[in-house]
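Have a look at the structure below, then the notes.
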Amino acid sequence: MATAADRVPVAKTYKIYIDGKFPRTESGRYLAINDKRGALLANVCRSSRKDFRNAVVAARKAQPGWAKASAYLRGQILYRIAEMLEGRREQFVAELRAGGVTAKAAEQDVDRSIDRLIYFAGWADKYQQVFSAVNPVSSSHFNFSVLEPMGVVAIIAPDEPGLLGLVSNIAPAIAGGNTLVALASETEPLSAISFAEVLHASDVPAGVVNILSGLKSELIEHFASHMDVNAVVCCEGGRKQRRQVQTLAAENVKRTVFRIDTDWRDAGALNPYLIRDTQEVKTTWHPIGV
Amino acid sequence: MGTNANRADAAVGFPDLSRVPPVDEVGVNERVARFQSRSIKKASKVEALKCILSMIDLTTLEGQDTPGKVRQLCQKAIHLHDAMPGLPHVAAVCVYPNMVAVAKEALRGTDINIASVATAFPSGMSSLDLKLDDTRMAVEAGASEIDMVISRGAFLAGEYRYVFDEIVAVKEACGDAHLKVILETGELRTLDRVRRASELAMHAGADFIKTSTGKIQPAATMQVTLVMLQAIRDFFASTGRMVGMKPAGGISNAKLAIHYLVMLKETLGNAWMTPEWFRFGASSLANDVLMQLEKQATGVYQSADYFSKD
Amino acid sequence: MATAENTLAFSGGWEYAPAPESTDHIEVASRYGLFIDGDFVRPEKGRYFDTINPATEERLSRVALAGPEDVDKAVKAARKAYSSVWSRMKPAERGKYIFRIARMLQERAREFAAIESLDGGKPIRESRDIDIPLAAAHFFYYAGWADKLEYAFPGRRPRPLGVAGQVIPWNFPLLMAAWKIAPALAAGNTVVLKPAETTPLTALKLAELIADAGLPPGVVNIVTGAGDTGSAIVEHPGVNKVAFTGSTAVGKRIQKALAGGRKSYTLELGGKAANIVFADAAIDQAVEGIVNGIFFNQGHVCCAGSRLFVQESVADEVVEKLSQRMETLIVGDPLDKNTDIGAINSKMQLDKIRDYLKVGEAEGGSLHQASGKLPRKGYWCRPAFFTGVSQSSRVVQEEIFGPVLAIQTFRTFDEALEKANNTPYGLSGGVWTDKGAKIFRMTQGLKAGVVWANTFNKFDPTSPFGGYKESGVGREGGLHGLDAYLRLGE
């Protein structure tokens, strides 16, 4: 005869992350996430265009402050995120495993995610030196080109690997001073949403990173068309989505970055060009005289 | 608003130096390059060359000057190149105070002005009393224009009130003679200081402001002259009083002088395009202008051997 | 302020006699074919169009109208040249060809300058002192990159993209051709370029020069035509990279046309730059910067400083000085060496500018235009500015592309910055102040790709140029300008 459990476990409610808070979706709609045997793991928010809009407002509001934060500070905050993730390593491994990832792969992905944060933490105060230039113009002017963040970046994160893919796209964007709205993996969203809790505990100012869960088919057009988004980074979709994103992006000459075939577990995903993708080049002239 | 009527009461008080605008050297160079890219040809060149002749203060300021030399210079001033009829005469001859009487005698019966440097020219390193005596002596000997030097040492030391008061005093000593105030821009070094010194001089009552003594390099440049012209324009806008301009030293060929005229026209407009308001302080410019005029008339390039030196 | 007694008089008096640049030395053919695969060829359909001198409205030449079949031929020639010659050539040798173009352009500068002014209406002083020397310098700069590309992108192995399809505007015809062709060739690509329909001649002369330089046939192809020809290039499946300079409206159409494809693209689009003058600025140089900002090249400049913001305490002074300075600007014959403002490029553009002058007045703006005579024939516009306009005015918001300045005042730093950035454009900006710290805060705050501090409208081959927001994607010039023509593999 079965006996009642000593204690009923408390299930976690997965919410979205906007402006440093954890609201439920305003749509009131949810998506069921099952384990590999088909049993319900959790419900996640099926974010709406209004959730996205709110997230963009938060990201825009946070933009000037984050862009102005010193490179040293951005690096330290990225490092802090890594520390917090390391501290909750077991939780994330368990979450990935629950979603069907093997034990070894789950451990590797969490480790890679932590290491990737460290990698970009280190870049925060260096990419500028690598990509900037003092330009030897012929006239009596001092002329230099520096990188500046594009502003608000909308990211369609890769479905797989859910955590590592999200971290690999968030880290370079914020290392470069952008604020962002990311749509988490559709198939492996749980660890991504939990990652928002790590961010929340890591001195990342409210609004700098906003994370939604939901359906790409519903949200991608809004990510691409929103007139206050400066760039869209798209890690999913075929030619059709690419056309849709680029067509809508043209309305405000949004920059589009496609990272479709990237193997996020590969060392090739470790490079500062991922930061540069969401940077503008600004050139300044000044006379040299007495 | 001030008026232009009373020269003796030209001082308008110590200027508010905090309102003197800064000057950007590279921007000035670019503007000057635009003047220099003007192409002055044919009739407008002839008109310019004659205008330049009429604006020249024919100058000799040397320790070796003698009455003989000064008389020769005056002869040249009267007879620039008699082979070419219809030429204007120069505006003035410019000499040391002890040569003024000689020049006055030599120029009798012409309306060529006599300008004299004074105030312990060229350094200005003397007492105010001596400078005033120097000025009075030149005026009494017959100079109608006095070219004074400012105390650059005091200016560079920030003693702007001293510099101002000195100009006011010399102006008073000038009586009816016009006062040209030499800033010696080559010792001021920066365009910001040139602008500031121009303001001081005009506010203290200068009738003209002048770049240089000719004894310090660089002497006149288009850059410093532009800054001084702009100061004159702004002074005119705020007081209604016209002040004249005299670049001196280093303007030895006609082409450069034409560029100065272009700069004058495009900065201050037509009203300043007369010897009353613009002078070239020069010794060898006149002959180059004459050679250019001859070339324009004959189409043949000229030799200096055909134009009298003094 | 100006009163009757202290106004300066600039008109009348001593005037500059006409000083026309000689055109004896230039050769313009009565008809030009398409430059494809190293030869000038007839267009398949045999159609031609006129290119006229906007200062006289007279025809200069007839130029081939390229249809899709001609574009196809050009792209195929470029592909063949890419695969068989250009991508296989040693980079250093490639560079030597580009150096050779630079040198030959310097040698023929006088002829190119005169033709540029004849065909486009810009003053000879600008073609002679700016457009042509800068075009040559651009080739010279990028030539040297050809065998050094791996040093430009640390950790990457750069490779060319293939065939670059390039569409350029009428405001800087030869210079834009240089901006497009030089980095493309240095990076190892081949080119199909279309000059604007109103200003094709210097690009065609460049084609002659390139043939004389002995470049392998097909490396550079120049096809002439209007918008349809441009679309045919942009949409041609054999083109790997599109580079466009022109209006934001067309730029958006191109971005859409390319959506979903694999072509990379760079866009240099419109602008409505803020030029901000603080009370502590070197006012006379600022006024000169305002003039260079908006009246350079008749205001046909995407980065023109078309919105002036003056701090209130010096606004009257600046406006007065500006209007005085405008009286000394000479509008007229582009070939006259003393002309400051030449002919408006086309009838269409002149009509558009005139419309905006009416719009500005209808919106309540106060229009001031320089006095002075205009020639009877040709397309002309006196330099103009509006005061009494605001952020909501169309003449403040929209790109006029003519010698028309919109002046507003501001009180505080934050107000100036906010108004400056309150636009969908972000190509350039200007700031005038004597205070270093303020310069850096303003240049950091402006959302624009090029910021001129205490100067304006300066260009150099080493200096990257390009916009934020709706002013474009990507950079041209400098090390950063190479990026657009390379694939950065590991």
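Just so you know, all these numbers are worked out from the coordinates, no wet-lab data involved. This structure is a prediction, so every number in the text was calculated from the model and none was measured. Glycine also receives a Cβ, built like all others from the backbone with ideal geometry; neighbour counts cover every protein chain displayed.
Roughly what percent of Cα-Cα pairs across the protein assembly as shown reach past 62 Å? Percent of Cα pairs beyond 62 Å in the protein assembly as shown: 21. Selection among A:G238, C:Y142, A:F258 by position relative to the dipole of the protein assembly as shown gives A:G238 as farthest towards the positive end (Cβ unit charges, Cα centre). When the C-alpha to C-alpha distance is required to be over 19 Å, the pairs from B:K45/B:K295; A:K15/A:K240; C:K272/C:K435 that qualify are A:K15/A:K240; C:K272/C:K435.
Using the Cα centre of the protein assembly as shown as the reference point, and only Cβ charges (+1 on K/R, -1 on D/E), how large is the resulting charge dipole? Debye, rounded to the nearest 20. Don't skip to the answer; put the middle values down first.
Numbers: 127 positive and 122 negative charges, 663 e Å.
Dipole of the protein assembly as shown, to the nearest 20 debye: 3180 debye.
Just need log10 I(q)/I(0) for the range A:197-290 at q = 0.13 Å⁻¹, Debye formula, equal scatterers on the alpha-carbon atoms, no solvent, rounded to two decimals. Cα-only, vacuum Debye calculation for the range A:197-290: -0.62.
Projecting the Cα atoms of C:V318, C:C302, C:G246 onto the charge dipole of the range C:221-333 (Cβ charges, centred on the Cα centre) puts C:G246 farthest toward the positive pole.
A straight chain from C:D24 to C:R354 at 0.36 nm per residue would run longer than the Cα-Cα distance by 115.3 nm.
With a Förster radius of 22 Å, plug the Cβ-Cβ distance of B:T274 and B:R108 into 1/(1 + (r/R0)^6) and report the FRET value to the nearest 0.05. All intermediate terms of the calculation are to be shown ahead of the outcome.
Numbers: r = 24 Å, r/R0 = 1.10.
Efficiency, rounded to the nearest 0.05: 0.35.
Which of the residue pairs B:K76/B:K255; A:K61/A:K254; A:K21/C:K263; C:K337/C:K438; A:K50/C:K241 have a Cα-Cα distance greater than 29 Å in the structure shown? Over 29 Å apart, Cα to Cα: A:K21/C:K263; C:K337/C:K438; A:K50/C:K241. With the convex hull constructed from alpha-carbon coordinates only, the range A:11-136 shows a mean projected area of 10.7 nm² over all directions. Dividing the convex hull volume of the alpha-carbon atoms in chain C by its residue count gives 144 Å³ per residue. Averaging the sequence gap over all C-alpha pairs within less than 8 Å and six or more residues apart, then dividing by the number of residues, gives the range A:1-65 a relative contact order of 29 percent. Beta bridges assigned by DSSP with both partners in chain B are antiparallel in approximately 0 percent of cases.
Say R0 is 60 Å: what FRET efficiency, to the nearest 0.05, do C:T7 and A:N34 get from their beta-carbon distance?
Values: r = 84 Å, r/R0 = 1.40.
It comes to 0.10.
Taking the Kirkwood radius as Rh and the Cα radius of gyration as Rg, the range A:79-155 has a ratio of Rg/Rh equal to 1.26. Given +1 at the Cβ of Lys and Arg, -1 at the Cβ of Asp and Glu and no other charges, the dipole of chain B around its Cα centre is 920 debye to the nearest 20. Ranking of B:Y306, C:Y142 by neighbouring Cβ atoms within 10 Å, starting from the fewest: B:Y306, C:Y142.
Label separation (C:E363 vs C:E208): 4.4 nm, computed from points 7 Å beyond Cα along the C-beta direction.
Rounded to the nearest 5, what is the percent of antiparallel bridges among the DSSP beta bridges in the range C:300-445?
On the way: 4 of 13 bridges.
Roughly 30 percent of the DSSP beta bridges within the range C:300-445 come out antiparallel.
P(r) for the range B:244-295: what percent of alpha-carbon pairs falls in each 5 Å bin, starting at zero? It works out to 5, 20, 29, 24, 16, 5, 0, in whole percents.
Cross-link partners for C:K321 among the lysines, with Cα-Cα distance under 21 Å and sequence neighbours closer than 8 places in the same chain left out: B:K265, C:K373. Which shape class applies to the range B:154-267: rounded if a/c is under 1.5, otherwise prolate when a/b exceeds b/c and oblate if not, where a ≥ b ≥ c are the square roots of the Cα gyration tensor eigenvalues? Note, shape of the range B:154-267 comes out prolate. For the protein assembly as shown, the share of DSSP beta bridges that are antiparallel, to the nearest 5, is 30%. Exceedance of the 25 Å cut-off in Cα-Cα distance is limited, within the set C:K90/C:K256; C:K96/C:K180; C:K80/C:K205; B:K104/B:K210, to C:K90/C:K256. The magnitude of the dipole of the range C:24-172, with charges of +1 and -1 set on the Cβ of Lys/Arg and Asp/Glu and taken from the Cα centre, is near 880 debye.
Give me Rg/Rg_expected for the range C:192-244, where Rg uses Cα atoms only and Rg_expected = 2.2 N^0.38 Å with N residues.
Working: Rg = 11.7 Å, N = 53, 2.2 N^0.38 = 9.9 Å.
Here the Cα radius of gyration is 1.17 times the empirical estimate.
Looking at A:L78, A:A133, A:A94, which one has the Cα that reaches farthest to the positive end of the dipole of the range A:47-138 (charges on Cβ: Lys, Arg +1; Asp, Glu -1)? Positive-end residue among those listed: A:A133. In the elastic network of chain B, a GNM with C-alpha springs shorter than 10 Å, the most mobile of B:L229, B:L188, B:L58 is B:L188.
Using just the Cα positions, wrap the range B:38-295 in a convex hull and report its mean projected area in square nanometres, one decimal place.
On the way: hull surface 52.0 nm².
Reported value for the Cα convex hull: 13.0 nm².
Counted as membrane-span-like here are DSSP H helices of chain B whose alpha-carbon atoms extend 24 Å or more along the helix's own axis and whose Kyte-Doolittle mean is 0.0 or above; these are B:222-239. Taking the square roots of 5 times each eigenvalue of the Cα gyration tensor of the range A:42-287, largest first, gives ellipsoid semi-axes of 30, 22, 16 Å.
Percent of Cα-Cα pairs more than 31 Å apart in the range C:274-453, please. Of all Cα-Cα distances in the range C:274-453, 12 percent exceed 31 Å. Straight-line reach from C:K45: taking Cα to Cα under 20 Å and skipping same-chain neighbours fewer than 8 places apart, the lysines in range are C:K73, C:K76, C:K194. Seen against the Cα atoms of chain A and their longest principal axis, helix A:71-87 is set at about 10 degrees.
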